[in-house]
Amino acid sequence: MYLQVIKHNKNVLFYLLGAGFSSLGNVISGLAFLFLAYEMTESSLHTTGIAISQVVPYLLFGLIGGVIADWVDKKKMLVMIDLIRVPLTLSLVLFHQFDVLNYWHLITVSFFIQCLGCVFNPTHRAVLPIITKESMRSSVNSLLDTVTRGITVLGPIVSIGLINTMNVIHFFTFDALTYLISALLIYKIQFTENNLTREGPNQRKIKDIFISIKDFSIWAKKQSIIRTLFIVTVIIVFFNTWVWQVGLLLQLIETTPNGKELYSLLLGWYGAAVIAVNLLMPLIWKKYSLKIYLFGSLIWGIGILLLGFAYILPFYFIGILVAAIGLPISGLSRVYLLQKYLPTEKLGRGFSFNAFLLYLSNAVSLGVFGFASSFLSTRILFVVCGMMMVICSAVYLLTISRKAPGVIPYNRLNN
């Protein structure tokens, strides 16, 4: 099935290959930023500053990037951003060669690369519905998620090979090469946009950006499925982020003698399970609905809840397996529904709005539960967060499934 999709649509092949190379470069450069920051400062605070510099741009400019994605020629914009990122990353290599590289160079370049990502990511996502038919989107979305998740597993392995063959600074040389390859592959994608206006970018005003964001917010508020999707996503991600990114490691360190090694093992198990579910999903569902999205969120929450009761190693594997089943069902359903219900001229804003909500929810979750962890045990936080994810998903699932005389739930939801 997957081979048929790629065979009959070369655009999809170029799209996926470009995404793969771009993701690999991002993973490698992300590691390089962290490695060099700690090597130069030997400070966990300064290293954390690099991580913050990669999140803040999406909170500041994420919504603006979506507006720009809807206004411009998407192919030209993607190629241009990739080509701009080449000298930007190579500047760090040049500074290092002249022995003038410092921590603030890392912060600045990291910040600007992510600013470019604020435009690149929603633009890239908005291309997929244009180059695919609705009947093949579930398969292509699954392939895209499999490629990007596979790269997150492959990236650290590649980095080990690079460390043994070159200086860490040349991770950025490798990153620049991936941007060039990505630009070439995107250039080979052939599609025509019919929603571009005759109004040139130079005729736009800054206030038009905020007007466009406001217009989209008003429009999204009136769309039952889009509104529900955004609300549930914020809640689910809020209760998941801290326990998954921080809590799991802390709980393993507190309860097992080899917590760090076990954590790496469980992440590998998780990654393999997610990839397997991604590949199986199109065989089960050709199309996704809001019910499937909520069902996935419910399973995801059950997985997090089970981790709160994990006292022996097999329970950890079971809890993570359940979460790894629910997350891709929820994630791929959300992407499919956005592609289906967002008009072509609103795709960029829709995906950037979704990304903005994810980053905002991530930041708030890390702050709230990071503070709560100072007086509550990690296990209690797992149970609380898992319960809330389950309750939220179940309540919304029951709400849209409730039958009324003469009105089926789907129609009532859209009315």
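The values are calculated or read from the model by the stated rules, or taken from the named source; none is laboratory data. Being a predicted model, the structure only gives us computed values, none of them experimental. Counting neighbours? That spans all protein chains shown, and the Cβs are built from the backbone with ideal geometry, glycine included. Each accessible area value is taken on the protein alone, full model and side chains, heavy atoms only, with ligands, DNA and RNA left out. Shrake-Rupley method; radii C 1.70, N 1.55, O 1.52, S 1.80 Å.
Looking at His124, Val147, Thr173, which one has the Cα that reaches farthest to the positive end of the dipole of the chain (charges on Cβ: Lys, Arg +1; Asp, Glu -1)? Farthest towards the positive pole: His124.
For segment 64-106, just say rounded, prolate or oblate: build the C-alpha gyration tensor, square-root its eigenvalues into a ≥ b ≥ c, call rounded for a/c under 1.5, and beyond that prolate if a/b exceeds b/c, oblate if not. Because a/c hits 1.5 or more and a/b fails to exceed b/c, segment 64-106 counts as oblate.
I need to check one value: relative contact order of segment 292-410, counting alpha carbon pairs closer than 8 Å and at least 6 residues apart, in percent.
Details: 122 pairs, mean separation 46.5, N = 119.
Computed value for segment 292-410: 39 percent relative contact order.
Average accessible surface for the chain: 47 Å² per residue, computed with a 1.4 Å probe over protein heavy atoms with every protein chain in place. Shape class of segment 275-324 from the Cα gyration tensor (axes a ≥ b ≥ c, square roots of the eigenvalues): oblate, since a/c reaches 1.5 or more and a/b does not exceed b/c. Tell me whether segment 1-71 comes out rounded, prolate or oblate; compute the Cα gyration tensor, take square roots of the eigenvalues as a ≥ b ≥ c, and use a/c under 1.5 as the rounded threshold. Oblate, because a/c is 1.5 or more while a/b does not exceed b/c.
Modelled spin-label separation between Gln245 and Ser289, with each label point placed 7 Å from Cα along the Cα-to-Cβ direction: 3.4 nm. Of all lysines in the structure, the ones whose alpha carbon falls short of 17 Å from that of Lys222, not counting any fewer than 8 places away in one chain, are Lys214, Lys340, Lys346. As a length-normalised measure over Cα pairs under 8 Å and 6 or more apart, the relative contact order of segment 66-165 settles at 39 percent.
In percent, how large is the relative contact order of the chain, given Cα pairs closer than 8 Å and 6 or more residues apart? All intermediate terms of the calculation are to be shown ahead of the outcome.
Working: 552 pairs, mean separation 103.9, N = 415.
Worked out over the chain, it gives 25 percent.
The gain in end-to-end length when the Glu134 to Val364 segment is fully stretched comes to 79.3 nm, 0.36 nm per residue minus the alpha carbon separation.
Counting only protein heavy atoms and using a 1.4 Å probe, what share of the accessible area of the chain belongs to carbon plus sulfur, as a whole percent?
Numbers: 13480 of 19620 Å².
After summing per-atom areas, the C and S share lands at 69 percent.
Per-residue 3J(HN,Hα) values for segment 129-134, derived from phi via the Karplus relation 6.51 cos²θ - 1.76 cosθ + 1.60 with θ = phi - 60°, read x, 6, 9, 10, 8, 4 Hz in sequence order (x marks Gly and Pro). Springs between Cα atoms under 10 Å define the GNM used for the chain, and in it the highest mean-square fluctuation of Val232, Val322, Val246 occurs at Val246. Computed over neighbours whose Cβ is under 13 Å from that of Asn278, the net charge equals 0, Lys and Arg +1, Asp and Glu -1.
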